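*Asks:* This is the structure, below, for whatever I ask next.
The values are calculated or read from the model by the stated rules, or taken from the named source; none is laboratory data. What you see is a predicted model; the values in this text were computed from it and never measured. With ideal geometry, Cβ positions are generated from the backbone for all residues, glycine too; neighbour counts draw on all protein chains shown.
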Amino acid sequence: MSKPNQTLGEFIIENQTAFKYTSGELSRLLNSIRLAAKVVNHEVNKAGLVDIIGNAGETNIQGEDQQKLDVYANDKFIQTLTKRNIVCGIASEEEDDFIAINSQDENNQNKYVVLIDPLDGSSNIDVNVSVGTIFSIYRRVTPIGTPVKIEDFLQKGSAQVAAGYVVYGTSTMLVYTTGHGVNGFTLNPAIGSYYLSHPDMKFPEDGNIYSVNEGNYSHFPIGIKKYIKYCQEEEGDRPYTSRYIGSLVSDFHRNMIKGGIYMYPKSSKNPNGKLRLLYECNPMAFLAEQANGKASDGYTRIMDIEPSELHERAPFICGSKNMVEKAEEFMRNADSEF
Ligand code: AHG
Ligand code: MN
Ligand code: MN
């Protein structure tokens, strides 16, 4: 399927027929994300040069300060997807409620909704560390040509049609899946094209990297504490290496390439962890499973969780299959939760 020097645009068109609903609508949607990501990339790269860093003075629904680039990225993705009339609805980390697009227009025959974390890892911007964008795509469940409803967004991860991320790192990459494996494209900034650089990405079954914010250790469940001790033990291929960037996208990307596990577990302070189910955990879980990895909340498959709120959080343990299964084993076998 993959050819040398293939661009993302060519790849999307050529693989359109492998997709069961081949109206071209999903291809147009992926193309819009590719375009918006280029614009955001340009702005992210300038973050150290212009006075764009810092709080925009607003607080999002989770009560967190918004960085200016969060707002910028949010606007760019929403504008691109709205102006080109590509989708029927958008939900974003930075918007309290979902956005219905042309909802009065019976001619809006678009089938897809997008959920997005426009800028992930935004606390890393002002220190020149990689950030990302995460997206998740579903077919609407309410009738086409009517305004979208909350149930179009509150779907289980297993219903995702496509998902992916952009990592604005040492190079900018777009990595996505439509349920036929995971492919990674690297942006050539001189030309403005993304080239297929990482065809058919797979998590190694085992790994030796664990990624967790150990500052929260004392609040973690017993099972996670024991698993962290297991990672640090001198035995066989252990101790593992600890690597934590604090940008989910970058931590996930590294672990997928090298083999590793990312954990943002529940804690006695935050019973559902920190990450958002619909636009952080589910898309990453879809990518992980498509790349032979695994994603769990410690007990349950992430993509089997029935969502009840747009901005709900879920504990997230994701990465190389054998590592995630080992962490789940520690969770199952713990005498008590905390
Ligand atoms: P966002 O910037 O979209 O709010 O997401 C930040 C997330 C995630 O990217 C990262 O892994 C995690 O928060 C880091 O949290 P801690 O600083 O608590 O470790
Ligand atoms: Mn995020
Ligand atoms: Mn964000």
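*Asks:* Quick check: anything in the stretch 252-260 among the small types (Gly, Ala, Ser), within 13 Å of ligand 1 (Cβ to nearest atom) and not assigned by TED's automatic domain parsing to the domain that holds ASP96?
*Replies:* No, because not a single residue in the stretch 252-260 is among the small types (Gly, Ala, Ser), within 13 Å of ligand 1 (Cβ to nearest atom) and not assigned by TED's automatic domain parsing to the domain that holds ASP96.
*Asks:* Kindly indicate whether GLY223 is more than 21 Å from the chain's Cα centre (by Cα) and under 27 Å from ILE305 (Cβ atoms).
*Replies:* The answer is yes for GLY223.
*Asks:* Same structure again: For the structure I just gave you, tell me whether ILE125 is within 17 Å of the chain's Cα centre (by Cα) and of a type in the set (A, V, I, L, M).
*Replies:* no
*Asks:* Right, another one. Sort through SER197, SER211, SER250 and tell me the only one that's closer than 30 Å to LEU35 by Cβ and assigned to a strand (DSSP E or B).
*Replies:* Just one listed residue meets the conditions, SER197.
*Asks:* Only one of these is surrounded by fewer than 22 Cβ atoms within 10 Å (Cβ to Cβ), within 30 Å of ARG254 (Cβ to Cβ) and either within 16 Å of ligand 3 (Cβ to nearest atom) or not aliphatic (A, V, I, L, M) (or both): GLU95, GLU151. Name it.
*Replies:* GLU95
*Asks:* Also, quick follow-up: Counting only residues that are under 17 Å from the mean Cα position of the chain (by Cα) and among the aromatic types (Phe, Trp, Tyr), which one in the stretch 258-315 is nearest to ligand 2 (Cβ to nearest atom)?
*Replies:* Within the stretch 258-315, the match that is nearest to ligand 2 (Cβ to nearest atom) is TYR279.
*Asks:* Residues to consider are TYR227, TYR210, TYR194; find the one that is closer than 30 Å to LYS111 by Cα, buried (at least 23 other Cβ atoms within 10 Å of the Cβ) and either modelled with pLDDT of 95 or more or in the same structural domain as ASP304 (by TED's automatic domain parsing) (or both).
*Replies:* TYR194
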